[in-house]
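Where a number appears in this text, it was derived from the coordinates with a stated rule and is not lab data. Model, not experiment: these values are computed from the prediction. Neighbour counts are summed over all protein chains in view; Cβ atoms, including those assigned to glycine, are modelled from backbone coordinates with ideal geometry.
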Amino acid sequence: MSTRIGILTGGGDCPGLNTVIATVVTAAAKRGWETLGFIDGYEGLINPVRCMVLPHSEMEHVEYRGGTILKTTNRGRFAAKVGQGQAVRVPEDLLDEAKSTVEYLGLKALVCVGGDGSLSIAQQLFERGVPVVGVPKTIDNDLDATAWTFGFDSAVACATDALDRLRTTAESHDRVMVLEVMGRYAGWIALYAGMAGGADAILIPEIPFSYDSVVDIVRARERDGLTYTIVVVAEGARERGGDLVTDGSVQADREVRLGGIGARVSRELAQRTGRESRVVVLGHLQRGGSPTNFDRVLCSLYGTNAVELVAARTFGHMVAMHAWDIVSVPIAAAIGRLRTVPLDSAMIRSARALGISLGD
Ligand code: F6P
């Protein structure tokens, strides 16, 4: 039997998952290896096992398509996070069952593509003896031990395009336009899109904001003869002294759903400035569609390097980007430590230098 590896995608989907799958399958095929894809993330490893051989010849049709041909889930029996991001242990019998599947199918390694939650599960499997290799995925870019996760650039591109469109309508109507973007407890998407899209105020979880400060920027622009204002709000942003805004639903096997802060900011700014304001919640548009050029390249780098890690038997590691090179780091170094925006980072300093309000 030829060497066989497995691959699965876990957590929320994002552009680039299929690029990683196609790249891993292709790089494995070049070594004469066969790749099995598991359906619905870790669930596919559990009875009834759901997997399929991924033929190299078919990969070029899916390479740049959004979503994941292997499906994915961020809830269910393998949900590794609940509440506001606390990691949980997956039940031992599930880990054992998954391990048995890997052994029964004779997999040399299991490539786990995911964010903090999915890589926490990969780590737990590794600790039980499963030869795993990780690939860091999330539009939120909040994974530690790598400078960049794939999917992030595509989400920023989507949000930037939205800002370009909002600017023209805001200007025509002299309105305050508020764009709420994803990112959970980190402000990366808001910050990068806000910078790229010329936002006047960017509100991120790392810097609790005051409405007075945002009103100041609206007034300052008016004094300059600019009668419209663009505000980007991360879904995890909150008013100083205030709470996170969620949709209120709490389900045992999944994280809280953030959302609603954009509408609050829009309402408050309308009241306090007397200007009309509208809110746009970008939502899952940020997770759909094809990956950007950058993400395509990053996914190709990550996919080929993941196969190299398998060949070198560097298990328990994930591929990572450090200073524009791809390296490997222990998965344990990446998980359980949310990577938020450092307040002294170049992005924050540049935003301030440009007069963008960060709400503080
Ligand atoms: O982690 C990715 C992410 O898109 C977050 O930015 C967002 O808060 C969450 O997932 C949304 O999850 P769901 O698809 O379950 O609504």
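Computed over neighbours whose Cβ is under 14 Å from that of residue 31, the net charge equals +2, Lys and Arg +1, Asp and Glu -1. The chymotrypsin sites (Phe, Trp or Tyr not before Pro) of segment 1-81 include none that meets both criteria, a DSSP state outside H, G, I, E and B (loop) and at most 13 other C-beta atoms within 10 angstrom of the site's C-beta. Counting only alpha carbon atoms, the long axis of helix 261-273 and the longest principal axis of the chain meet at about 10°.
The packing ranking, built from the mean of other Cβ atoms within 10 Å per residue, places the peptides 156-167, 214-225, 131-142 in the order 131-142, 156-167, 214-225, highest first. Qualifying chymotrypsin sites (Phe, Trp or Tyr not before Pro) in segment 227-334, where qualification requires a DSSP coil assignment and no more than 15 other C-beta atoms within 10 Å, comprise 324. Gain on full extension, evaluated as 0.36 nm per residue between residue 169 and residue 4 minus their Cα-Cα distance, stands at 54.0 nm.
Would you mind calculating the gained length between residue 57 and residue 324 on full extension (0.36 nm times residue separation, minus the Cα-Cα distance), in nm to one decimal? Could the numbers behind the result be given before it?
Details: separation 267, 0.36 × 267 = 96.12 nm, distance 3.06 nm.
Additional length available on full extension: 93.1 nm.
The charge dipole of segment 157-287, taken about its Cα centre with unit charges on the Cβ atoms of Lys, Arg (+1), Asp and Glu (-1) only, comes to about 120 debye. The angle between the Cα long axis of helix 92-104 and the longest principal axis of the Cα atoms of the chain comes to about 50 degrees, rounded to the nearest 10. Taking amide H as placed 1.01 Å from N in the peptide plane, the amide H of residue 292 sits under 5 Å from that of 154, each at least 5 places away or on another chain.
Loop-located trypsin sites (Lys or Arg not before Pro) in segment 266-334 (DSSP state not H, G, I, E or B) with no more than 14 neighbouring Cβ atoms inside 10 Å: 313. A simple count of charges around residue 221, restricted to other residues whose Cβ falls under 13 Å of its Cβ and scoring Lys, Arg +1 and Asp, Glu -1, yields -1. Shown in residue order for segment 142-149 are the 3J(HN,Hα) couplings computed by the Karplus curve 6.51 cos²θ - 1.76 cosθ + 1.60 at θ = phi - 60°: 9, 8, 7, 6, 9, 6, 8, 10 Hz (x for Gly and Pro). Based on DSSP H runs of at least 4 residues, each adding -39500 (n - 2.57), what is the mean residue ellipticity at 222 nm of the chain after dividing by all its residues, to the nearest 500 deg cm²/dmol? Mean residue ellipticity, 222 nm, calculated: -11000 deg cm²/dmol. Using only the alpha-carbon atoms, how far is helix 293-311 inclined from the longest principal axis of the chain? Give it as 0 to 90 degrees, nearest 10. Helix 293-311 and the main axis of the chain meet at about 30 degrees. A straight chain from residue 337 to residue 350 at 0.36 nm per residue would run longer than the Cα-Cα distance by 2.1 nm.
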